[in-house]
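The values are calculated or read from the model by the stated rules, or taken from the named source; none is laboratory data. Note that the coordinates shown come from a computational prediction; the quantities given were computed from them, not determined experimentally. So basically every Cβ, Gly included, is an ideal-geometry build from the backbone, and we count neighbours across all protein chains shown.
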Amino acid sequence: MTHRPGAMWHDKFMKGKGIGFDLCAGAILTAGLSAWLAEAWRGNGWPVLGGLAAYALLVAIITSFRSDRKLSGWANRATLLRAVIVCALAGALIEPALFLERAWAVIALTLIALLLDGLDGWLARRFEESSAFGARFDMETDAALILVLCVALWLSGLAPAWVLAIGLMRPVFVLAGLLLPWLSRPLPERFRRKLVCVVQVGALPTALVPFLPEALRVTLLAGALLALAVSFALDSTWLYRHRRASHRTQWRMP
């Protein structure tokens, strides 16, 4: 097999390292980010515990799929770093006022997550690490980030309850697939989905900007919700029309 540039030192570095090393590093980083976001040195430690609880749930999900070869690698490390950011933000939901007082810190973390979202795909191609797990890990991390930001906007009073529809659309779609098997079939690649995802992750932190006029915030969020609803409607329509085209294929974690 011919290695791409950098693949040899990558393989050497990865030898003997499993997912445990990455997950331990992630726990430390989660605690650090949560403490920084909540300014825990002032006595506000609950968001740190919340962040670690969210990370513990993430670890439980990841380690239920025992395949270190698939879980390790630079691409999945980049996605894991994004997941760490999501966990830190999830912990901050315990103190919703943090999304007002530390709005710029939240926005900065979200932008970092966006940059990492583009990096993990490049790393997967460069080091030949593409896998079904990596693709799903990437997708669900995006969905989790969107859900956390939606809950934050609602709890902090910056948006009405309907903003939760943005974050809940993906989980509801997945659950619907359990009841209607044709909804769980693989979808063809569409640039539209990636664009709509970027729109969501761009609109939600923008809505956290302190000086943003209320009317503009509501318009921005309503536009994001409309774009997401249209995208899901198009995918659902495609799946319905092709529900009998071939036998059902379920995605399985490797």
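Below, the figures for the structure above:
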item	result
Filter result (surrounded by fewer than 20 Cβ atoms within 10 Å (Cβ to Cβ) and of a type in the set (D, E, K, R)) within the range 78-101	Glu95, Glu101
Exclusive hit being at pLDDT below 80 and in contact with an Asp or Glu (Cβ under 6 Å, 6 or more places away or on another chain), set Gly43, Gly18, Gly73, Gly6	Gly18
Selection status of Ala245, aliphatic (A, V, I, L, M) and modelled with pLDDT of 90 or more	no
Pairs where the first residue, in the range 121-132, is in contact (Cβ under 8 Å) with a residue 40 or more places away in the chain and the second is among the acidic types (Asp, Glu) and in a loop (DSSP other than H, G, I, E, B), C-beta under 8 Å, 6+ apart	Leu123/Glu129
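Every residue, every condition in (1) free of Cβ contacts under 8 Å to residues at least 24 places away in the same chain; (2) farther than 24 Å from Pro47 by Cβ; (3) not basic (Lys, Arg), yes or no:
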position	(1), (2), (3)
Val148	no, no, yes
Leu168	yes, no, yes
Pro181	no, yes, yes
Glu189	yes, yes, yes
Leu208	no, no, yes
Phe211	yes, yes, yes
Leu225	no, yes, yes
Ala229	no, yes, yes
Thr237	yes, yes, yes
